[in-house]
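Asker: Here's a structure for you.
Quick note: the coordinates plus some simple rules give every number you see, no bench work behind them. What you see is a predicted model, and the numbers here were worked out from it, not measured in a lab. Here the Cβ is made from the backbone with ideal geometry for all residues, glycine too, and neighbour counts use every protein chain on show.
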2 protein chains.
Amino acid sequence: MATVVVLGSGIMATALATPLAENGHKMKLVGTHLDREIIDSIKATGIHPTLELKVPEGTEAYQLEEAEEAFKDAEYVMSGVNSFGVEWAGEQFAKLIKPNTHVMSIAKGIRYDEDGNFLFLPDVLMSYVPEEIRKTCSVTAIVGPSIAGELAVKRHTSVIFGSRDLEIANMWRDMFATDYYHVWTSTEFEALEMCACTKNCYAFGAGFMNGLLDALGEADAKYVNFNYGAALFAQATIEMMQWCEVIKADPKVAIGIPGVGDCFVTSMGGRNVRAGRLVGAGMTFSEARAKMPGVTLEGATAIVVVGEALEKLTARGVCKPEDFPLLRHLYQVVGHDQPVNMPWDTFFEGKGYI
Amino acid sequence: MATVVVLGSGIMATALATPLAENGHKMKLVGTHLDREIIDSIKATGIHPTLELKVPEGTEAYQLEEAEEAFKDAEYVMSGVNSFGVEWAGEQFAKLIKPNTHVMSIAKGIRYDEDGNFLFLPDVLMSYVPEEIRKTCSVTAIVGPSIAGELAVKRHTSVIFGSRDLEIANMWRDMFATDYYHVWTSTEFEALEMCACTKNCYAFGAGFMNGLLDALGEADAKYVNFNYGAALFAQATIEMMQWCEVIKADPKVAIGIPGVGDCFVTSMGGRNVRAGRLVGAGMTFSEARAKMPGVTLEGATAIVVVGEALEKLTARGVCKPEDFPLLRHLYQVVGHDQPVNMPWDTFFEGKGYI
């Protein structure tokens with residue numbers, strides 16, 4: 001029996017306790033400073049208040065000040081924070097993890113350096129760990145279409161565990177895979193991370209479908225706006241493949257669950273799509289953002305990060321000005337409060353996808 | 001001003017009158033024997049009873065017995081029947097069209113020959129026209145994500161006009177394209193048709209998402225089944241690319257609007273998805289079929305056609321037994337009344353998409 005110690009007790013990390021327990025393993029959930037009530041609830045009743053579900057038998061909950069106790073002798077460690085918390089989690093890991101630790105990362109996002117080169121969150125996380133410890137550790141990431149609550153109630157869920165070392169990814173797979181949690185493994189680490197981040201950007205645009213109907217006062221009209229969403233989804237797929245090319249990875253990774261599959265699930269709803277809907281209905285992004293106080297919008301944030309990096313990459317000639325027209329428009333909308341005005345004529349053309 | 005004479009007055013053909021009229025052109029709609037009430041309604045009130053919308057000013061409606069009058073001097077002709085009516089429409093065209101006619105086809109489906117080689121509907125349609133006339137005519141097809149009613153109310157819609165002659169496709173584009181009807185043109189005729197057909201097959205599977213919840217009595221549960229649908233959608237994308245490879249066409253055509261985009265829109269609902277839902281909930285396909293009398297199920301029919309062709313192609317070694325696991329399962333479900341039992345382990349692997 002293995003024990004996985006998780007920093008962050010959000011819904012995704014907690015949902016992973018379900019397949020883990022199914023295989024006879026155990027999770028220790030350590031709350032961040034934002035998770036105090038979640039941990040209190042699990043300690044008192046076993047119920048994760050956001051998931052509204054009981055955590056599996058044997059799952060232990062710790063407040064942040066109990067982290068050292070939880071992490072004592074930990075071999076398998078997970079960062080369960082979202083993309084905003086990665087640097088903070090790295091700082092904690094620097095103090096908490098021992099040599100020869102296997103680390104799992106679940107945040108979906110990205111960073112960039114001054115040249116616009118992308119930095120991948122699992123690497124950012126590990127960069128905080130002192131080198132002499134880090135070089136004895138491994139890092140793996142989970143990507144793919146996985147709504148946390150669905151996994152927690154054992155709906156069929158298909159994901160990829162990506163690591164630069166396939167044996168390590170396989171080891172994690174053996175710990176988590178069940179007959180409803182389908183896990184593939186891959187060494188396409190960077191491409192997987194690129195898809196995991198950019199699909200969040202494109203899913204923001206899915207909100208425009210209904211937002212544009214709202215703007216017309218036709219939210220309940222017989223004819224909705226799926227043709228619009230379908231064209232955006234198609235352009236998103238093409239651009240996710242191109243993002244893989246930008247980082248010199250195999251564009252085929254964007255096909256299948258890491259890109260197309262995850263973009264599908266993320267486009268079906270959630271906070272990011274709700275914000276996109278407000279913008280589609282005519283608000284500036286700043287106005288929409290103000291309407292959703294305290295709500296984390298990973299997709300919108302990713303649009304700004306990727307859009308800023310894209311400006312640098314274009315200036316350096318790595319990307320052409322005509323590349324990524326959808327991402328560029330999303331960046332104008334989210335990063336510069338411009339109205340939605342889809343540049344249809346710039347889509348699909350000249351890329352061999354017609 | 002051009003006049004497009006259409007055989008078949010279903011919703012898709014009729015919706016195309018909207019952008020056509022926008023550009024100052026005119027449509028003559030000739031009803032089939034199944035369209036009698038539609039034509040009566042348009043003649044009396046201008047309203048298409050299924051669309052529940054008025055056809056554009058100037059659109060003329062003809063009963064089938066008035067077809068010769070409508071087709072007199074027609075230069076631009078469209079087959080507006082669905083995939084079940086193509087052979088019938090071909091027989092009519094054999095009598096109705098003159099030399100130098102430009103023909104447009106909108107049905108999405110496919111046929112196969114005794115070796116399992118695919119035959120494309122626009123070619124099947126034209127095969128009925130006497131050769132000395134046919135060789136002076138052109139044929140073009142519309143593919144891409146286009147819900148008819150959305151186009152009819154001028155929602156943004158993005159499609160591809162595919163022809164073996166790009167100039168012909170461009171000519172049709174110039175007739176139909178507006179600021180809401182976005183048209184690209186392509187000579188990837190066979191690949192486009194392959195996507196248009198197979199996306200209907202895969203969209204049937206999208207119904208399983210909710211059907212499986214029905215089976216659990218959890219149709220209103222907090223956690224739905226998008227993870228399941230996302231994984232299927234991803235495998236569908238991979239298989240649509242592989243179908244293009246089978247016919248020695250560019251698999252990239254399946255990315256973008258012809259494959260991914262159209263599969264998205266078709267997965268969002270409609271008769272095909274409703275039938276899939278009944279099957280996902282536990283009925284055999286025959287039982288589900290019987291529950292929907294008189295309803296055309298193009299997707300389910302396409303599954304059987306493609307599934308039968310696939311058996312022949314596999315026997316001949318054109319396809320490997322491990323190729324197309326999702327299509328094969330759909331064929332077992334629809335063609336052989338087997339229960340839904342998704343072969344997850346056969347997905348994604350070994351194709352470079354992980």
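Asker: For segment A:332-341, state whether one or more residues are assigned to a helix (DSSP H, G or I) and in contact with a strand residue (DSSP E or B) (Cβ under 6 Å, 6 or more places away or on another chain).
Answerer: No: segment A:332-341 contains no residue that is assigned to a helix (DSSP H, G or I) and in contact with a strand residue (DSSP E or B) (Cβ under 6 Å, 6 or more places away or on another chain).
Asker: Restricting to segment B:269-286, and then to whatever is in contact (Cβ under 8 Å) with a residue 40 or more places away in the chain and surrounded by fewer than 17 Cβ atoms within 10 Å (Cβ to Cβ), can you tell me which residue is farthest from the other protein chains (Cβ to nearest Cβ)?
Answerer: If we take residues in segment B:269-286 being in contact (Cβ under 8 Å) with a residue 40 or more places away in the chain and surrounded by fewer than 17 Cβ atoms within 10 Å (Cβ to Cβ), then B:286 is farthest from the other protein chains (Cβ to nearest Cβ).
Asker: Let me ask something else about it. Kindly establish whether residue A:188 is more than 9 Å from every other protein chain (Cβ to nearest Cβ), within 19 Å of residue A:248 (Cβ to Cβ) and either among the charged types (D, E, K, R) or free of Cβ contacts under 8 Å to residues at least 24 places away in the same chain (or both).
Answerer: no
Asker: Could you please find all residues in segment B:301-335 being closer than 17 Å to residue B:82 by Cα and touching a Phe, Trp or Tyr at 6+ places or on another chain (Cβ under 6 Å)?
Answerer: Of everything in segment B:301-335, just one residue is closer than 17 Å to residue B:82 by Cα and touching a Phe, Trp or Tyr at 6+ places or on another chain (Cβ under 6 Å), namely B:303.
Asker: Something else about it: Determine whether residue B:266 is of a type in the set (S, T, N, Q), touching a residue at least 12 places away in the same chain (Cβ under 8 Å), surrounded by 15 or more Cβ atoms within 10 Å (Cβ to Cβ) and part of a helix (DSSP H, G or I).
Answerer: yes
Asker: I need the helices (runs of 4 or more DSSP H) fully contained in segment B:1-81, keeping only those with at least 3 residues that are in contact (Cβ under 8 Å) with a residue 60 or more places away in the chain and not polar (S, T, N, Q).
Answerer: B:11-15, B:17-22, B:67-71
Asker: Another one. Looking at A:231, A:236, which is the one that is farther than 16 Å from residue A:310 by Cβ and not aromatic (Phe, Trp, Tyr)?
Answerer: That would be A:231, the only listed residue that is farther than 16 Å from residue A:310 by Cβ and not aromatic (Phe, Trp, Tyr).
Asker: Considering only segment B:202-241, state which residues are within 12 Å of chain A (Cβ to nearest Cβ), in a helix (DSSP H, G or I) and among the small types (Gly, Ala, Ser).
Answerer: Hits for segment B:202-241 are B:203, B:206, B:229, B:230, B:231, B:234, B:236.
Asker: Anything in segment A:89-122 that is touching a residue at least 40 places away in the same chain (Cβ under 8 Å), more than 22 Å from residue A:63 (Cβ to Cβ) and assigned to a strand (DSSP E or B)? List them, or say none.
Answerer: Scanning segment A:89-122 gives A:102, A:110, A:111, A:112, A:118, A:120.
Asker: Moving on to the next point. Hey, could you check segment A:242-254 for residues that are under 17 Å from the mean Cα position of the chain (by Cα) and within 9 Å of chain B (Cβ to nearest Cβ) and say which is nearest to residue B:259 (Cα to Cα)?
Answerer: A:254
Asker: With the requirement that a residue be part of a loop (DSSP other than H, G, I, E, B), more than 10 Å from chain A (Cβ to nearest Cβ) and surrounded by fewer than 17 Cβ atoms within 10 Å (Cβ to Cβ), what does segment B:128-177 give you?
Answerer: Passing the criteria: B:130, B:135, B:136, B:164, B:165.
Asker: Which of (1) closer than 24 Å to residue B:137 by Cα; (2) surrounded by 22 or more Cβ atoms within 10 Å (Cβ to Cβ) does residue B:42 not meet, given it meets every other one?
Answerer: All conditions pass for residue B:42, except number (1).
Asker: May I pose another question? Which ones in segment A:91-103 are farther than 13 Å from residue A:32 by Cβ and not basic (Lys, Arg)?
Answerer: A:94, A:97, A:99, A:100, A:101, A:102, A:103
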